[in-house]
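The values are calculated or read from the model by the stated rules, or taken from the named source; none is laboratory data. Computed from a predicted model, the values in this text were never measured in an experiment. Here the Cβ positions follow ideal geometry from the backbone for every residue, glycine too, while neighbour counts run over all protein chains shown.
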Amino acid sequence: MIKKDVLRTLREVPGLIKAKKLLQPRPDDAPDCLGARVAQNAERFPRRSALVFEGREMNWAQFNAEANRYAAVFKARGLKRGEVVSVLMENRIEFLVVVIALNKLGVVASLINNNLTHRPLVHCVTTANSRMFLFGEECLEAVAEIRAQLELQAGDYLYVPDAGAVAAPDWTLDMAAEAATASTDNPSETAAVTIGDTAFYIFTSGTTGLPKAAVLSNRRYLATAGIIQASGLKLTEDDRLYLCLPLYHGTGLMVGAGAAFLAGASMFIRRKFSASQFLSEVREHRTTAFVYIGELCRYLLHVPAQPDDADNPLRAVVGNGLRPDIWHQFKDRFGIDRIIEFYGSSEGNIGFVNLLNKDCTVGSSALPTALIQYDVDRDEVVRDGAGRCVRVQAGEPGLLLGKITALTRFEGYTSAEATEKKILRDVFEPGDAWFNTGDLMRTVDVGFALGLPHYQFVDRIGDTFRWKGENVSTNEVGEILNQHPQVALSNVFGVEVPGTDGRAGMAALRLEEGVESLDLASFSAHVQAELPPYARPLFLRIQSEIDTTGTFKLLKGDLRKQGYDPAQVTDLLCVLKPGATRYEPLDTDWFERIQSGAAGY
C-alpha cells in the first residue's frame, strides 16, 4: 500500500513542475489576456466544439467570431481599455461571448450576481464606476426597477436577448441586432492588453446589499486557470467540462471556464445545477470533468443511488468545499479517480491546490503562507508580549495568512478602505504585511507527499460565514436587520446544520425599548425584501440584552456554542423553515428533525 502511494505521488511530479513554471513572475507589461487565448484556439482547432448549451453548439471559430462582433459593437460605442462595464446575465453562451469581447478590448467586466435586485444591484453598478450596464433579457425586470436610481443615460444600457419573448426596450441598445452585421476580425486592441491589466471585478461577500468588488488581473486569472488546466484537471482539447456554477463567480469563470479556455476544451454549460439531471447529461454530452462546490456533491449523494452510477465518462473534478465526511462516498459512488480540491478566494493572494490527488485535503502551496494563533471566543488574533503573531503547532487550527510580496500581490478591492481592512501588518517583523483570509486551516498527514505540507479547511471566523456556496458578511446582514423599526441591535453569526455544508445564519436580536414582542410578519417581510435567500438568517434568538466587549464589540462565542438548541436557550427561538417566507417559533420537535438531517435544509 505504501509503495502504491509513493508511485501514485511520483506520477504527479510533472504536474508540479508545470505549476511552478506557471507561477514564474512576468512583467506587468507582458501582452497576454483571455481574449487572445480564445483567438489562438480559433486558429489551432477552429472546428472543435467550444460550447454546448440548451441544444446549441459553437466551435472555437464561431465563438471567437461572435466575440469579435460584440467587441466591434463595444468599440463603436466608444468603450476603451481600462473602462468598466457592468454585466448581469445568467449562465449561457452570450455571457462568455460578452466577457471575452470586453477582454479583447482591455475593458473591465464587472460581474454581478444575477440574484441581486434593488439596493444591492444599484450598489454593484455604482461602486464599480461603470461606464455602461449590459444585461440579459432574463434580468430586464430587475434592471428596469432600479434605472431611475442610476446615473446612466439611455444609450448606456446594453441589452442581450435570451428567449426572445421581450423586445429590447427603447432605452437600450440591442447587442445581438447590432452584432449581427459587425466585423468578425480580431480587434487590433487585443495586442496592447497586458497581464497587468484588470480583467474583471468579481464581487465577494456580495450577499447582503454592500458587496465589495475584488480586482482580478489578467495575470492572476491566467495563472490560476493555467494551474488547474495543466496540473489539476490535466485538460486537453479532447475534454469536455460540465459547468453549472455561476459564471459571475471566480470558481465558475476562472477555475472552470478558464481552464477550458486555456486547454481548448469544450464546455457543457447549464444555467443552474440539477442533481436529478446530472448523470444523464454527463453521459449524453460525454463530459470528462466537472466543477463543483461541496454543496453540489452533497445534493448528488441525496439522489437515490443506482448500480451503474460509476458508469460515466467523468475522470476528474475540481472545486472547493468537499468535506471529509462525504469525500470517499462521493468519489467511490461516481467512480471519480481525481479530485482536485482547492482553496482560494476571488480577492486572495494565495491558494492551495490538491495537485498530488490526496484524499480529504485542499493540497499544498508554493506561496508564502502562515497559520497563526486565533482566539475564536474573543474573535481576535493572538499576539505575544512583543506584539507579534504566534505560529501554531503542526496539526493545530490557525488563522491562514498570505504574505504580500511582489509575486503574491494583494490586488484588493475597488475600495481602498476595504482593501486595508484585509491586511495584517507587523505580523512577525516590523513592516511586513499579510493578507488575512479569515479562515482557520490546519496541516494534515496525507502519507508520502514529497515533503510538501498539506492543509485542510477548518472553519470561517469572525464576521463572515459560508452558506449555500456563498460568503455571507455578518456585519452587513446585521445592518439590514437593524433597519427594522422594532430591532435595536442584532448580532449575526453562523451555526451548524447537520447534513449541510458551511454555516447557516442565526441572529440574536435585542428589541427597541417598549417593544414587548417581535412582529414576525413584519420582520419576515423585511428580511425577504432586503436579503437574498442564502443571506437570510434561518434562526432568530430574541434577547433582552446582547453581550459586548469593553469596546462594544459584539460577542459571538457563547451564542455559537448554544446555537438554536431549546435545551440550552431560555430566550424565544424562531426558525425559517425550508420554502417558508415567515419565521415561526422553534419547538423541540422541529429542532430534533433538524438534528436528524430530515428538515430539508
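Taken over the stretch 565-593, the criterion of being part of a helix (DSSP H, G or I), in contact with a Pro (Cβ under 7 Å, 6 or more places away or on another chain) and surrounded by 14 or more Cβ atoms within 10 Å (Cβ to Cβ) is satisfied by PHE591 alone. In the stretch 466-488, the qualifying residues are those that are part of a strand (DSSP E or B) and touching a helix residue (DSSP H, G or I) at 6+ places or on another chain (Cβ under 8 Å), and the one that is farthest from GLY438 (Cα to Cα) is VAL487.
Scanning the stretch 264-287 for residues that are at pLDDT 95 or above, in contact with a helix residue (DSSP H, G or I) (Cβ under 9 Å, 6 or more places away or on another chain) and hydroxyl-bearing (Ser, Thr, Tyr) turns up SER266, THR287.
On the stretch given as the stretch 80-134, residues that are closer than 21 Å to TRP171 by Cβ, of a type in the set (Val, Ile, Thr) and touching a residue at least 40 places away in the same chain (Cβ under 8 Å) total 5.
Scanning for something of a type in the set (Val, Ile, Thr), surrounded by fewer than 19 Cβ atoms within 10 Å (Cβ to Cβ) and not assigned by TED's automatic domain parsing to the domain that holds LEU407, does the stretch 82-101 turn up at least one residue? No, every residue in the stretch 82-101 fails to be of a type in the set (Val, Ile, Thr), surrounded by fewer than 19 Cβ atoms within 10 Å (Cβ to Cβ) and not assigned by TED's automatic domain parsing to the domain that holds LEU407. Within the stretch 99-114, the set of residues being among the β-branched types (Val, Ile, Thr) and out of contact with any helix residue (DSSP H, G or I) (no Cβ under 6 Å at 6 or more places or on another chain) comprises VAL99, VAL107, VAL108.
So which of ALA394, ALA386, ALA416, ALA370 is farther than 20 Å from ASN320 by Cβ and surrounded by 15 or more Cβ atoms within 10 Å (Cβ to Cβ)?
ALA370
Just one of the listed residues (VAL376, VAL382) is touching a Cys at 6+ places or on another chain (Cβ under 9 Å), among the β-branched types (Val, Ile, Thr) and over 24 Å from ALA260 (Cα atoms), and it is VAL382. Taking the criterion of being among the acidic types (Asp, Glu) and without any contact (Cβ under 8 Å) to a residue 24 or more places away in the chain, the residues of the stretch 416-444 that qualify are GLU417, GLU420.
Rundown of residues vs (1) closer than 30 Å to ASP325 by Cα; (2) modelled with pLDDT of 95 or more, yes/no style:
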| site | (1), (2) |
| --- | --- |
| GLN483 | no, no |
| PHE493 | yes, no |
| THR500 | yes, no |
| GLU512 | no, no |
| LEU518 | no, yes |
| ALA535 | yes, no |
| PHE539 | yes, yes |
| PHE552 | no, no |
| VAL575 | yes, yes |
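Residues that are under 12 Å from TYR292 (Cα atoms) and outside any strand (DSSP E or B) within the stretch 216-249 comprise CYS244, LEU245, PRO246, listed in sequence order.
When you scan the stretch 510-525, do you find a residue that is within 30 Å of ILE202 (Cβ to Cβ) and either in contact with a Gly (Cβ under 8 Å, 6 or more places away or on another chain) or not aromatic (Phe, Trp, Tyr) (or both), even just one? Within the stretch 510-525 (the criterion being within 30 Å of ILE202 (Cβ to Cβ) and either in contact with a Gly (Cβ under 8 Å, 6 or more places away or on another chain) or not aromatic (Phe, Trp, Tyr) (or both)), the answer is no, since none of the residues qualifies. Among the residues of the stretch 263-273, is there at least one that is closer than 25 Å to GLY499 by Cβ, surrounded by 16 or more Cβ atoms within 10 Å (Cβ to Cβ) and basic (Lys, Arg)? Yes - at least one qualifying residue is present in the stretch 263-273. Of all residues in the stretch 368-415, those being closer than 19 Å to GLY348 by Cα, touching a residue at least 60 places away in the same chain (Cβ under 8 Å) and of a type in the set (A, V, I, L, M) number 5.
Looking across the stretch 250-274, the residues that are of a type in the set (A, V, I, L, M, F, W, C) and assigned to a helix (DSSP H, G or I) come down to LEU253, MET254, VAL255, ALA257, ALA259, ALA260, PHE261, LEU262, ALA263. The residues in the stretch 405-434 that are touching an Asp or Glu at 6+ places or on another chain (Cβ under 8 Å) and either within 22 Å of THR127 (Cβ to Cβ) or of a type outside the set (Asp, Glu) (or both) can be counted, and the count is 6. Remark: GLY250 matches the filter, which requires a residue to be under 30 Å from GLU476 (Cα atoms) and either modelled with pLDDT of 95 or more or within 13 Å of the chain's Cα centre (by Cα) (or both).
Where helices (runs of 4 or more DSSP H) fall entirely within the stretch 106-182, those with at least 3 residues that are over 27 Å from the mean Cα position of the chain (by Cα) are at 175-179. Filter the stretch 448-479 down to the residues that are crowded, with 19+ Cβ neighbours inside 10 Å and at pLDDT 90 or above, then identify the one that is farthest from PRO324 (Cα to Cα). Taking the candidates together, the pick is HIS454.
When you scan the stretch 31-86, how many residues do you find that are farther than 24 Å from GLY136 by Cβ and in a helix (DSSP H, G or I)? Selection size over the stretch 31-86: 9.
Considering only the stretch 462-477, I want to know if a residue exists there that is polar (S, T, N, Q) and closer than 22 Å to ILE542 by Cβ. Yes; the residues of the stretch 462-477 include at least one that is polar (S, T, N, Q) and closer than 22 Å to ILE542 by Cβ.
For LEU367, the conditions (1) at pLDDT 95 or above; (2) closer than 27 Å to ILE17 by Cα; (3) in a loop (DSSP other than H, G, I, E, B) are fulfilled apart from (1).
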